[in-house]
Every structure is written in structure tokens, then in C-alpha cells.
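Participant: Encoded as C-alpha cells, here's the structure I'll be asking about.
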Amino acid sequence: MSEHIAAGVLPGLGLVTLLAAAPLTGAAAAEERSATVEEILVTVEKREKSLQETPIAVSVLGAEQLEARGITSLDRLETGVIPSLNILPFGTTPSTLVVAIRGNGPIDPSQVTRDGSVAVYQDGFYLGRSQGLSLELADPERIEVLRGPQGTLYGRNATGGAINVVSQKPSGELGLRQTVSHGNYDALRTVTTLNLPEFSGFSLKFDYIHSERDGWVDNTAPGEEDYYAFNKDGGRISLNWKASEDLNVDYFYEIGEIEATQIYYQLAVDNIGIIGPEPDRQDTTRFPIAPLDPTVTDYEMHGLTLSWTASESLTVRSLTSYRETDESVRTNYGGVLYFNGLVISEEIEQEQFSQEIQLVGTHDRLEWVAGLYYFEEDAAQDTQNSFSLDSFGFLTGVPLTPINPPTTFDVFTGADAPLRQIESRAESRAVYGQATWTPPLLDDRLQLTLGFRYTDDDRDASRIEVGRQSFNLETDRFDPLVTLNYLWSDTVSTYAKFSSAYRVGGLNVRSVSFEGFGNEVAETFEVGLKSSFWDNRAVLNVALFATDIKDAQIDFVDPNPIGLETINAANTVQIDGAEIELTVAPLPGLVIGLHYTYLDGDMPPQPNPLAGGTLETFNLSQTPEHAGSATVDYTFPPLPFGTLIAHVDMTATDEYHFVPGNMTQDLDSYALFNARLTLTDINIGNSSLVAALWARNIFDTEYVLYGAPRAAGDLEAYGTPRTYGFDLTYQF
């Protein structure tokens, strides 16, 4: 266990100490200090419904909760805000996130020839690549996290779950909101939101966001970037047009750029002994790292939603999107890797198009959803390795001598590192649907849901590195869903569900064989409880699940020659678990949230085809046995000059493996504490002001967020140290 756990938090992270924060609604509502838990509305079933009436394991963070916890981008969820959701920064591309739900996640989401386990959506539109996921969120309404296999409600299928970021739509009323935030490490964030009044059925909204922060690991090389620095800009235009009583049009255009330097790897264990280990979190590089340039990610996206109310019982929607992502990756591992200061330069270009048709209807005792989905993607990924540090003195005669300018000559192979060029194309076609029937018995308290998804996928790829190699995959699959939901009362219901989904096969661009791998299938049995009690002062939701992952896509090191291979596991991977969400409002103005997740993952020994089928021990990544958090929000009685709101939260996670496969390295357990004090409703004529003080990682806990085991030694990257600052928001 980590030696850096904050004082007062016991190692082991038992059930009581790891209960974690369920979504807190109404915690910051200054209008009324009632001792009730407000209702959460979601649209995960393509119609607005109460979360408590939805037999799906889903967590929701509303705008108030996102603001209170300082979640301004998806990477801010990395420390366990939703314990079943695990997000890590990827080692080479800082805009890329490694996303897992219930222990189901990939090792290398940067490759354009493979898909992730979790589907990420923006306003219902699927984002095909992990590059750019660390973009800033200007004006989110909520973030919905669906846990478990998905496919009968959303356009893309996913074995682990889905994340949907829902943005605020134009209000149709004139309004301006300007937020300025400042913090240590010269952090600056500005958000401008302008709503224009409705005119002839048209409503417009403009958002602009800028966010920057200096790196907190100083690079001793003069004139070079520091590690963990970023500079982000983004703009969004949203349009809502009420064309008629029956036709509604929503459109947005989004554009942005992310400049970010990589995370700083430290050598936790040095198996060679030349560089030496760095046992604690560092704030300065021990070598001058040059060159170190930021990775630059540019993105733009169009999203068009047409909604036609054909009748009182039928709504037809069309969702059309187009997105482009361009990324120039620049990294330097001169401080830790025995690869003569490995410098990775990578150019990634990706464009995607999707078209989805949804039918949402009701008929007597039947509610149903049906859809058609098409997705296509073209991508290219060019990678060139070079070397900036003569680690062993093979070139200069003196170990640890800088190589300036970097050379492509690799002393270990005796040849220049080749340029790797990847081209990839993917197409997916699907038909999906589900229907919920309430039979005329048991006082209409029983609901039966049947769903299905049929998907047809094609994937082609080629690689030019040493000669030209090609890959092709054509596959299809049918996935069912069955749910039985029983309403014991108006406030208590239980459900039992079976669902399956698959992750299409693909290709590891680092594979020596370039043969590819097949589909991965996840089957989940789940039982759940949705309940509210104590005069609606408490909400308790529980989900128990057992997941079998068949033909799991697992990565392992191919030692001869050195490479990373991906195979389908011969033996079934099992992940069982429990999720508990509790929200309590015991007193007027006070809301307490607890959320706990237990995961029991089993990766049986797998035969290694590169070692004659010898059984090897493999690990599950991002699968802590215990994880959770807790939040406390208190709204004080109104003051003459405003309303004071206090927020405190804690997140904690047990130890788990960094990466899957036959590479071993564990992340120690840790706990983090954050706080925010907000003074709202400061009236200034017809406008108002909100002021807030905040701090994250209050106790400056040193915790390892990501790592990578290597034969020469284990690499570790630490999470962000204590940050603090203030926010000012003006609105009218």
C-alpha cells in the first residue's frame, strides 16, 4: 500500500470508508433549503425519464455537481469521481484518455486500428477516437455514465459501457455568463456563454473557452517546455430552430485546439543501474530534456439533430455528424528510458461520419425504440522514433550525453529507426431496438423489456515500415437484451437483466505479424435496486453484476523481436462486482453522497502462442477491488448579500494493475480530498455575481496515476499535486 495516503484514511479501503458519492442534485440550490433529494431526469432510453424509473445502472453528474467538483473536462474524472469509471492519461499523447468501466478497458487507445471498450458520446454523437478527449467542456448540462454492455439504445456498441456528455441548449433568452478562474501554476480559465433572444423560432448560443496551466515538473533544459503544461482553446455555436409545432432542429459546430506536454515518467525501479531510481514525486527533471515540444490536437465537429413528432405516439429523429481530428504528437523519454532518450514524433489524421435514424414510440402498454446506424472512419498514423540521449555512451563514449539534434540511428539495432505509416478505414452498420411491455396484471407493476442489436463491421488497414503489409476484417454479430423490472411500490423497484455486446476486432500497429485479432464479447447478468425513502430524503440504488468476457482482446510483450502483440484470450475473463449509490438529505440544506464499487476480476492463465502455447499469468488492468468517494454539500441560510455553499469530497481507490497482459506493475491505493466554498446570488442590479474558492488534493497526497513496466525498470507518472484558486462568474 502507498506510504502517501492522507492522514486519517486507513489502508485496505474497506466497505465503510469507501462508500462514494452518488450524483448530488439540488446541493447548490439557493432558492429552497428543503430536506429532500431532488429528482434526476435522464434521456438514456431516448425519452425523458426519472433516473429512479430507469432499470439501468447509470450515474449522472449534473451541472452543479460538475462545477462543485471542478470537473471541466473528462480527464478530471480520472481520480474516481464515479468509482466504476476509471480514466487514465495515455503515456505518449496527453490529449488521449484510457477509459474503463467495471474493469473493462483497453491498454493502448491511441492506435487508429482498434476500438475502445467504452463508447464516448457528445450530445448523442459517437466520438470514434480517444485523441482529443481531454478537451474542455464549456457549458455541460450533465454527464451520463452507463455501466455495462450497451448497444440497444445507442448508435455504437460497447462492451464496457458508455459516457454521454450533454451540453446546454440555447435558452432563447438574452443572457451572458462570464467565468474567470485563476490558480497556482499560473492556471487561467475563462468561459464565455452568450444566449441571444429567440427570433422567428431561432435561438442561438455561443460558447468560448480558454484554459491554460504551467507544467508542475520543471524542465532543466533552457527554452524547452515543462511537463504537464497545457493550453486549450475551444468554441461552439449552438442553434435551435422550432420550425413548426412538430419539427425541431438542433445544430452545433465545435472547433478547438489542445496543446499539452506529456506526463513525466520517473524510473521507480532501475534494473540496469546507470540512471538510478526516483522514489518520490519530482518537481524538476534530473536531466535537461531536449527537445520537448507540446503535442498539438486540433478538432472540429458538426452535429445536426432533426426531431419530428409524427403523432402523439411516434417521434422520428435523424442524427447526422461529421468530425475531424488532427494530432501532432511530440514526446521525449530521455529521463527514464534506456532507449537513448526515445523521442516519438507522430502524425494522426482522422475523419468520421455518422448517420442515425431513431424511432421512439408508444402503443397501449408498449414503449419502444428502434434505430438504424451507419458509421465510417478514415485514419492515418505516421510514427517516427529518434534518440536524444546517449544513455550508454555508445556514440559519444560518455554515458548520458545529450544528442543534439536527435538522431534516428538506433544503437541497439545498428540501423535507422524506420518510419511507420498506417492507413485505416472502418465501416459499421447496425439495426437496434428495444421494447418495454407492461402486462395487465399485478396492478401494472411488472415491466418486461426485450432488446436486440445486429451489427455488421468492416475494417481495413495497411502498414508501410519494412515493406508493405495489409489487414482486413469482415464480421457481424447479433446481441440480445432481456430486462425484468418490478415496481414494489411507487418508491421501490428491482430489476434483473441480461445483456451482451461486442468489441470489433482490429490490429495492433506494433505487431510484428500484422495478423490482427478477432471480436471480444461481453455478457452480463445484473440485478438492481432503485429506491427512495424517508419522505424522499434518501435515495439508494444498488447493482450486482457478473460479466463474462469471451475472446478478450489482451496485449502482451513479444520479446523476439521486441514488440507488442494482441491476441484473443483462450479462456474466459470474469469480472463480478457490486455498486452502491446513496444520497441523503438529513437536514435542510445538507446533502451527503456515498458511492462504493467492488470489483472481483479473474483473468485465468492464458496460452502464449509465441511461447509454444505455454500458460502465462495475465492481469486485468484498471480493476481495483475497492473504490469509492464521499461528498458533503451544505447550503447555509441566506445572507443579506448572497448564499454561502460549502462542498467537500473524497475519492479513494484500492491498488490495481496499470496495464493488462503479462506485464506486471501495480498502482498503490490512495485517497484524495477536495473542497470548494461558493458565495452565490450576489445581486448587482439586474445581474448577479458568483465567487468561489477551491482546492484540489488538499493534503498534497503523492499518488501514482499511471505506469509502464519495462525490462530495464518500472516507469511511473504521478498525479497532480495540490492545486488551489478562485472563480468569479458574472451573469445577467
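Participant: Highest mean first, what order results for 369-377, 613-621, 470-478 on Cβ atoms within 10 Å?
Facilitator: 369-377, 613-621, 470-478
Participant: Sort region 118-219 into rounded, prolate or oblate with this rule: let a ≥ b ≥ c be the square roots of the eigenvalues of the Cα gyration tensor; rounded if a/c is under 1.5, and if a/c is not under 1.5, prolate when a/b is larger than b/c, oblate otherwise.
Facilitator: In terms of gyration-tensor shape, oblate.
Participant: Which order do the peptides 398-405, 341-348, 297-304 take when ranked by the mean count of other beta-carbon atoms within 10 Å per residue, highest first?
Facilitator: Listed from highest to lowest mean packing, they are 341-348, 297-304, 398-405.
Participant: For region 49-167, just say rounded, prolate or oblate: build the C-alpha gyration tensor, square-root its eigenvalues into a ≥ b ≥ c, call rounded for a/c under 1.5, and beyond that prolate if a/b exceeds b/c, oblate if not.
Facilitator: Oblate, since a/c reaches 1.5 and b/c is not below a/b.
Participant: Let me ask something else. Would you grab the residues whose amide H sits under 5 Å from the one on VAL98? Only those 5+ places off in sequence or on another chain, please, with H modelled 1.01 Å from N.
Facilitator: HN-HN under 5 Å from VAL98: LEU88, PHE90.
Participant: Another one. In the chain, if the dipole is taken from +1 on Lys/Arg beta carbons and -1 on Asp/Glu beta carbons about the Cα centre, which of VAL329, THR92, GLY183 is farthest to the positive end?
Facilitator: Value computed over the given set: GLY183.
Participant: Please state the shape class of region 190-261: rounded when a/c is under 1.5, otherwise prolate if a/b exceeds b/c and oblate if not, all from the C-alpha gyration tensor.
Facilitator: Since a/c reaches 1.5 and a/b is larger than b/c, the shape of region 190-261 is classed as prolate.
Participant: Now for a separate question. So what is the calculated 222 nm ellipticity per residue for the chain, using -39500 (n - 2.57) for each DSSP H run with n of 4 or more, over all residues, to the nearest 500 deg cm²/dmol?
Facilitator: Result for the chain: 0 deg cm²/dmol, rounded to the nearest 500.
Participant: Please give the net charge around PHE392, taking every other residue with its beta carbon less than 14 angstrom from that of PHE392, where Lys and Arg add +1 and Asp and Glu add -1.
Facilitator: Around PHE392, the surrounding residues sum to -3.
Participant: I would also like to ask the following. How do ASP378, ASP727 line up, fewest other C-beta atoms within 10 Å first?
Facilitator: Least to most surrounded, the residues fall as ASP378, ASP727.
Participant: Still on this structure: Calculate, in nm to one decimal, what GLU224 and TYR454 gain on full extension: separation in residues at 0.36 nm each, minus their alpha carbon distance.
Facilitator: 77.7 nm
Participant: What's the extension gain from VAL492 to PHE699 if we count 0.36 nm per residue and subtract their Cα-Cα distance?
Facilitator: Between VAL492 and PHE699, full extension yields 70.5 nm more.
Participant: Given charges of +1 on the Cβ of Lys and Arg and -1 on the Cβ of Asp and Glu, with all other atoms neutral, how large is the dipole of region 98-250 about its Cα centre, in debye to the nearest 20?
Facilitator: 560
Participant: Report the FRET efficiency, 1/(1 + (r/R0)^6), for ASN184 and GLU427, where r is their Cβ-Cβ distance and R0 is 51 Å, rounded to 0.05.
Facilitator: Here the calculated transfer efficiency is 0.60.
Participant: Name the residue farthest towards the positive end of the dipole of the chain from the options ALA546, PHE287, VAL591, assuming +1 on Cβ of Lys and Arg, -1 on Cβ of Asp and Glu, about the Cα centre.
Facilitator: Sorting the options by dipole projection puts first VAL591.
Participant: Continuing with the same structure: Which net charge results when you count Lys and Arg as +1 and Asp and Glu as -1 among the other residues whose beta-carbon is under 12 Å from that of ASN568?
Facilitator: -3
Participant: Determine the sum of side-chain charges near GLN553: Lys and Arg each +1, Asp and Glu each -1, restricted to other residues whose C-beta is under 10 angstrom from that of GLN553.
Facilitator: -2
Participant: Check cross-link reach from LYS530 to the lysines: straight Cα distance under 25 Å, and skip same-chain residues fewer than eight apart.
Facilitator: List returned: LYS46, LYS49, LYS497.
Participant: In debye to the nearest 20, how big a dipole does region 477-599 give about its Cα centre with +1 on each Lys and Arg Cβ and -1 on each Asp and Glu Cβ?
Facilitator: 280
Participant: Skipping prolines and chain starts, which residues have an amide H placed within reach, meaning under 5 Å, of the one on LEU667, given they are 5 or more residues away or on another chain?
Facilitator: TYR656, HIS657, PHE658
Participant: Beta carbons within 10 angstrom, averaged per residue: use that to sort the peptides 109-115, 538-544, highest first.
Facilitator: 109-115, 538-544
Participant: Mind putting a number on the dipole of the chain about its Cα centre? Charges go on the C-beta only, +1 for Lys and Arg and -1 for Asp and Glu, and I need it in Debye to the nearest 20.
Facilitator: 980
Participant: Further question on the same structure: Straight-line reach from LYS169: which lysines have a Cα under 16 Å away, not including same-chain ones fewer than 8 places off?
Facilitator: Filter leaves LYS205, LYS242.
Participant: Among THR617, THR701, ALA646, whose Cα lies farthest out toward the positive end of the dipole of region 544-701, if unit charges sit on the beta carbon of Lys, Arg (+1) and Asp, Glu (-1)?
Facilitator: Towards the positive end, the residue furthest out is ALA646.
Readers should treat all values here as calculations from the given coordinates under stated rules, not as data from a laboratory. As the structure is a computational prediction, the values presented were derived from the model and not from experiment. All Cβ positions, even for glycine, are placed from backbone atoms using ideal geometry, and neighbour counts span all protein chains on display.
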